[in-house]
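*Asks:* Would you mind keeping the following structure in view while I ask a few things?
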Amino acid sequence: LKKMKKGILLCCHGSRNPGGINDTVQLLRFFKKKKNYTVKIGYLEILKPTIKDQLDFFFSKKFDYLLIVPAMLFSGNHVTKDIPKILNNLKKNYKTKPKVFINPPLLKSKKIFNVIQNNLIKSLKIIDKKKDGLIVVASRTINFKAKAEISYLTKKIARKNKFNFYKEILVTLNKKNLTKNLNKLNSKYNRFLVLPLFLFRGNLLENLRFAIKEINKQKKKKFILCSHLNDYKEIYNVINKIIKYKTT
């Protein structure tokens, strides 16, 4: 019997930030352990190889099965529109095509909440939930489904950890707006625990760090910043469970 050629394409946004690039490579290393799959990484923007480049590889080499894995938390336009569009445009160039599955965003797995919760544990020890608030930061999106997912997740985190005050802030690369939004938060709370919902380092996270550092100089550590979601072993395990479910 002919052995099936199976591939995994890990799809990331792309960044000029060296730390962010290193983060994506760290996640890729865990996927490389799947010896029965050929694993590649592709980027939507800025970096190469692009997602299209890697799809060309899998299609031209006549793979039987291809699993596309967006390394993204929410159902934003990248997951729901951009990646499927790249795939559909490329399919027109090939007569023989692999059987293709696109993984859902990470929030679709219940296990991702444990990764987020574990990321909070250290900071929760120095927080008074009655006097301090929770701020969840995510990338600005125009996708209504993604916005609803961010709101749902923020409420779930706040309720799980019994915060009286919580708020989500959707950020762009505009530092001034970010600083303004942080400064106008409810002043009756002593401090705010800030949780960035980013899988990888990038300019959004750098801007958040800068804004918090500047505000804390004036307001005596008003904000406590958690790390981004950088437990790539656990993130891989979350994705791998979805892969196993789809391939059995």
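The values are calculated or read from the model by the stated rules, or taken from the named source; none is laboratory data. Computed from a prediction, not measured in an experiment: that's the story for all the values here. Positions of Cβ are generated from backbone atoms using ideal geometry, with glycine treated the same way; all protein chains shown enter the neighbour counts. Ligands, DNA and RNA are stripped out before the accessible areas are found, and what is left, the full protein with its side chains, is counted by its heavy atoms. Shrake-Rupley method; radii C 1.70, N 1.55, O 1.52, S 1.80 Å.
*Asks:* Working from the alpha-carbon coordinates of the stretch 1-126, get Rg over Rh, Rh being the Kirkwood radius.
*Replies:* Computed over Cα atoms, the ratio is 1.02.
*Asks:* Show the residues, 5+ positions off or on another chain, whose built amide H is closer than 5 Å to the amide H of SER109.
*Replies:* none
*Asks:* Would you work out which of ASN17, SER187, LEU124 lies farthest towards the positive end of the dipole of the chain, given +1 charges on the beta-carbon of Lys and Arg and -1 on that of Asp and Glu, about the Cα centre?
*Replies:* Of the listed residues, the answer is LEU124.
*Asks:* Would you work out which of ILE41, ILE212, PHE30 lies farthest towards the positive end of the dipole of the chain? Charges go on Cβ: Lys and Arg +1, Asp and Glu -1.
*Replies:* PHE30
*Asks:* Averaging the inverse of every distinct alpha carbon separation and then flipping it gives the Kirkwood radius. What is it for the stretch 81-131, in angstrom units?
*Replies:* Kirkwood hydrodynamic radius for the stretch 81-131: 15.1 Å.
*Asks:* Cα convex hull of the chain: mean projected area in nm², to one decimal?
*Replies:* Reported value for the Cα convex hull: 14.2 nm².
*Asks:* Now for a separate question. Using only the heavy atoms of the protein chains and a 1.4 Å probe, how would TYR152, TYR43 rank by accessible area, largest first?
*Replies:* So the residues, ranked largest to smallest area, are TYR152, TYR43.
*Asks:* If you don't mind, there's one more thing I want to ask. So how strong a dipole does the chain carry about its Cα centre when Lys and Arg Cβ are +1 and Asp and Glu Cβ are -1, to the nearest 20 debye?
*Replies:* 480 debye
*Asks:* Let me ask something else about it. For the chain, what is the calculated [θ] at 222 nm in deg cm²/dmol (nearest 500), taking -39500 (n - 2.57) for each run of four or more DSSP H residues and dividing by its residue count?
*Replies:* So the helix-based figure for the chain works out to -13500 deg cm²/dmol.
*Asks:* What is the distance in Å between the Cα centres of the stretch 168-196 and the stretch 52-130?
*Replies:* For the stretch 168-196 versus the stretch 52-130, the Cα centre distance is 28 Å.
*Asks:* How would LYS219, LYS129 line up by accessible area, probe 1.4 Å, largest first?
*Replies:* Reading off the accessible areas and sorting them downward yields LYS219, LYS129.
*Asks:* Please find, in a Gaussian network model of the chain (springs between Cα atoms separated by less than 10 Å), the residue of GLY19, GLY202, GLY76 whose mean-square fluctuation is greatest.
*Replies:* Highest fluctuation of the listed residues: GLY19.
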